[in-house]
Each structure stands twice: as structure tokens, then as C-alpha cells.
1. Can you pull out every residue in region 99-116 that is crowded, with 17+ Cβ neighbours inside 10 Å and of a type outside the set (Gly, Ala, Ser)?
2. Give, as residue ranges, the helices (runs of 4 or more DSSP H) completely inside region 16-124 that count at least 2 residues that are under 11 Å from the mean Cα position of the chain (by Cα) and either of a type in the set (Asp, Glu) or at pLDDT 95 or above (or both).
Amino acid sequence: MEKEKDLKQLAKVEKTIEQTAESQEMEDDSYLVRFKKPFVFEGVSHESVDLSGLEFLRAADMIATNKIIERGGTVNVLPEMSLEYACIISSRASGKPVEFFKALPPKDALKVKNRVTNFLFGED
């Protein structure tokens, strides 16, 4: 009887450890944007893009992005919500050229934009 109780408790602990590991894995993947289908850019196929570099950006990156958008003639009350802003910031965060993000299919581009805006405006 005691052994059975210990086994049940051990199973609960193992399940908790698994859930914690899965939760951590999902958290680690929160910056990975998976594309609907492989996206070919400059002859290389991509199934996803890692935006974990968003964590390391600074206000200076945001200011530079705003200046790039303004130089292009775009006036936006809330530029952080635009697709163009998301492409430029994603480029800085991932190290990929901005052309990579501008060449994405619409649904994948919106996934990237949503990930960026969620990062910027989401609560911690």
C-alpha cells in the first residue's frame, strides 16, 4: 500500500517536471515564427525565422527604425503597429536582410508583425 502511494506521488512529480519542461520549451519557442510553407529567399529554403533577438534591441533601434520609415515618406501616428516597422525591427532582431521580411507571403508577414507587436505591447 505504501509502495503504491509512493509510485503515484513519483508519477505526479514526473508529470509536473514534464509539464514544466514543455512550458519552458514553448516559452523558448515564443520567438520562433513558423511559416505556412517553406519560404525560399536567395536560393535558401526557410521554414521559420527566429526573432529572439527582439530581447536585445534597444530604444536606439526603435528610433532608427522610425527614421528609416520617415525618410521613406510614410507618416504614421503609431508606426510600431505597421507591417513596415515590423519588417525593419525583425531584420535587426534576426540579422536577416529587411528584403527577407518584405518578400514573405502575406500570411507569414502578418505572423511576424503580430509577434513583433505582441512583444512590444504585450504585458510581462
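1. 100, 101, 104, 108, 111, 112, 113, 115, 116
2. It comes to 83-94, 106-121.
The values are calculated or read from the model by the stated rules, or taken from the named source; none is laboratory data. Bear in mind the structure is a predicted one, so any value in this text is a computation, not a measurement. Counting neighbours? That spans all protein chains shown, and the Cβs are built from the backbone with ideal geometry, glycine included.
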